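The values are calculated or read from the model by the stated rules, or taken from the named source; none is laboratory data. Computed from a predicted structure; not experimentally measured. Reconstructed Cβ throughout: ideal geometry from the backbone, glycine too, with neighbour counts over all protein chains shown. To get the accessible areas, we keep the full protein, side chains included, count just its heavy atoms, and leave off ligands, DNA and RNA. Shrake-Rupley method; radii C 1.70, N 1.55, O 1.52, S 1.80 Å.
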There are 2 protein chains.
Amino acid sequence: MTAASPKPSTSSAEAPDPAPRPRTMSREARREQIIEATIRTLAARGFARTTLTEVAREAGLSHGLVLFHFETKEKLLADTLGALAEEYRDNWQAALASAGPTAAEQLSALIDADFAPNLCTPDRLAAWCAFWGEAQSRPIYQENYGDKDAAYNARMEEICAELVAEGGYTAAPKYLARILRLTIEGTWLDLMSMKDPYDAAEAQRTARICASILFPKHFKAE
Amino acid sequence: MTAASPKPSTSSAEAPDPAPRPRTMSREARREQIIEATIRTLAARGFARTTLTEVAREAGLSHGLVLFHFETKEKLLADTLGALAEEYRDNWQAALASAGPTAAEQLSALIDADFAPNLCTPDRLAAWCAFWGEAQSRPIYQENYGDKDAAYNARMEEICAELVAEGGYTAAPKYLARILRLTIEGTWLDLMSMKDPYDAAEAQRTARICASILFPKHFKAE
DNA sequence: TCTCTGATTGACAGTCCAGTCAATGGCGTG
DNA sequence: CACGCCATTGACTGGACTGTCAATCAGAGA
């Protein structure tokens, strides 16, 4: 008889959810909970040592339930990557939508969005990193992954083209956009992989300085 | 005298070694052969699916022999990363040593060294990538990995500091060095992970354009 | 309260893999 | 030519992990 009656449910270990969780949850809520546990596991153990048992333990569930909701480990990981990509895309698109219409404002919003504190967290960066390392040899992951990049890159290049038209910069927009993107992505990797890393604020500062060098008429240093 | 005289040994499957391989090899030669097979396996299958059996098959050896030479899988992978880091370091240090003494020449040599055709190969980039993804959760790999970065970064920053002193650029050398390094590293990742990637020559061009924007008095575009 | 639906569990099976080890065989040396 | 050393092999083991499945349980509606 598991049937513990009052159900203290004190230490639920992972989700800092104040509401006492019901024993059964809706499909969507449970899937989200498991995906969050997967992100945490990827961050803590890396891709190679991420097991269903560990994900289930992290979520406080049986490992059978993980497979009940995601069928296979492959699908769980693909859906996790998909969720990461979706929240990333939603974040920068929302930032662009609520920013001013000028190219300079758009680019500024895009840079800030990439360092949003709720997405640019150690767990999420580490999970991205884990997929990054594995994606090159797994077509399944490249799909979700490359698509995200494509839309972002295209928008970034448009903005850079506008800035070039306005400011008369000599370099081609394609390269300006690429250098800016690589600097932003690169600081993420630094945050993860450097022995003595700087923090997210310093990363953001690096990106802004990069913008100020590439487009000196539009952005001032600091 | 390795004494292998007739020894047909026709299809040796992997190493394009023209010399007929003897049945037994010196410790060092065998280790190198296995490390090369490991790099190929990491590139083809990723970190998570790299098994001793697959490495052995790639090298044309029994998997017992791999463990005879490296004791454990962990040590094999750590030594492989160490070998990659060493050849990378040797490469850029040799390039700096044989380049001219001015800061501009040094930086130019450093950029070219990073795209040396014998090191900037798909297999090696993919192997780096595989370690990249796993290193964040594995202290063993961070050691070899972070040390390499440290020396390179320090030298890059010195060179940038000289260029700033010469050219009177406004940005701090620390950020200039970082942006340049991130652009170089980033193009490597692009070569691996993009859906529709450009080639190594285009990557090198991107790095040179970056240098020409950061240090316009020292580098001309194209 | 009873019943039905669907979430949840945990034991189990099959597979794959790292690491062990006894036996083999090639090569240099005496 | 014989011996001994050491590289090499491949079968074997123990463990870990993914995926299956029958039984259980919680909640909603009648």
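Here are a few things to note about the model shown:
- Summed over the range A:202-219, the residues that are of a type in the set (A, V, I, L, M) and without any contact (Cβ under 8 Å) to a residue 24 or more places away in the chain give a count of 2.
- Of residues in the range B:29-53 being under 21 Å from A:G46 (Cα atoms) and touching a Ser or Thr at 6+ places or on another chain (Cβ under 6 Å), the one nearest to DNA strand C (Cβ to nearest atom): B:T50
- Failed criterion for B:W188 (all others in (1) open to solvent by less than 20 Å² (accessible area, probe 1.4 Å); (2) touching a residue at least 40 places away in the same chain (Cβ under 8 Å); (3) not small (G, A, S) hold): (1)
- Failed criterion for B:V164 (all others in (1) under 22 Å from B:G46 (Cβ atoms); (2) open to solvent by 10 Å² or more (accessible area, probe 1.4 Å) hold): (1)
- The single condition among (1) surrounded by 18 or more Cβ atoms within 10 Å (Cβ to Cβ); (2) free of Cβ contacts under 8 Å to residues at least 40 places away in the same chain that B:A172 does not satisfy is (1).
- Inter-residue pairs, beta-carbon under 9 Å, first within 14 Å of chain B (Cβ to nearest Cβ) and within 8 Å of DNA strand D (Cβ to nearest atom) and in the range A:49-69, second open to solvent by less than 30 Å² (accessible area, probe 1.4 Å) and acidic (D, E), 6+ apart: A:R49/B:E134
- Qualifying residue in the range A:192-204 (condition: at the interface with chain B (Cβ under 7 Å from one of its Cβ atoms), open to solvent by less than 10 Å² (accessible area, probe 1.4 Å) and in a helix (DSSP H, G or I)): no
- Among (1) open to solvent by 40 Å² or more (accessible area, probe 1.4 Å); (2) over 15 Å from A:L176 (Cα atoms); (3) aliphatic (A, V, I, L, M), the one test that B:A221 misses: (2)
- Of all residues making up the range A:159-175, the number that are part of a helix (DSSP H, G or I) and at the interface with chain B (Cβ under 8 Å from one of its Cβ atoms): 1
- Of all residues in the range B:104-158, exactly one satisfies the criterion of being at pLDDT below 90, part of a loop (DSSP other than H, G, I, E, B) and of a type in the set (G, A, S), namely B:S137.
Table: residues versus (1) modelled with pLDDT of 95 or more; (2) within 16 Å of DNA strand D (Cβ to nearest atom); (3) part of a helix (DSSP H, G or I).
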{"residue": "A:A19", "(1), (2), (3)": "no, yes, no"}
{"residue": "A:P22", "(1), (2), (3)": "no, yes, no"}
{"residue": "A:L96", "(1), (2), (3)": "yes, no, yes"}
{"residue": "A:P101", "(1), (2), (3)": "yes, no, no"}
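Here is a yes/no grid of residues against (1) within 11 Å of chain A (Cβ to nearest Cβ); (2) crowded, with 20+ Cβ neighbours inside 10 Å:
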site	(1), (2)
B:S108	no, no
B:D114	no, yes
B:A130	yes, yes
B:E134	yes, yes
B:S137	yes, yes
B:R155	no, no
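- Selection over the range B:25-56 of residues that are open to solvent by less than 10 Å² (accessible area, probe 1.4 Å) and of a type in the set (S, T, Y) gives a count of 3.
- The set of residues in the range A:139-153 that are touching a helix residue (DSSP H, G or I) at 6+ places or on another chain (Cβ under 6 Å) and either away from chain B (no Cβ under 13 Å) or open to solvent by less than 30 Å² (accessible area, probe 1.4 Å) (or both) comprises A:Y141, A:Y145, A:K148.
- Qualifying residue in the range A:71-80 (condition: part of a helix (DSSP H, G or I), touching a Pro at 6+ places or on another chain (Cβ under 8 Å) and buried (at least 17 other Cβ atoms within 10 Å of the Cβ)): no
- Boolean, B:C210 is modelled with pLDDT of 95 or more, open to solvent by less than 10 Å² (accessible area, probe 1.4 Å) and facing chain A (nearest Cβ under 10 Å): yes
- Pairs, first touching a residue at least 12 places away in the same chain (Cβ under 8 Å) in the range B:78-92, second polar (S, T, N, Q), C-beta under 8 Å, six or more apart: B:A78/B:N144; B:T80/B:T38; B:L81/B:N144; B:G82/B:N144; B:A85/B:N144
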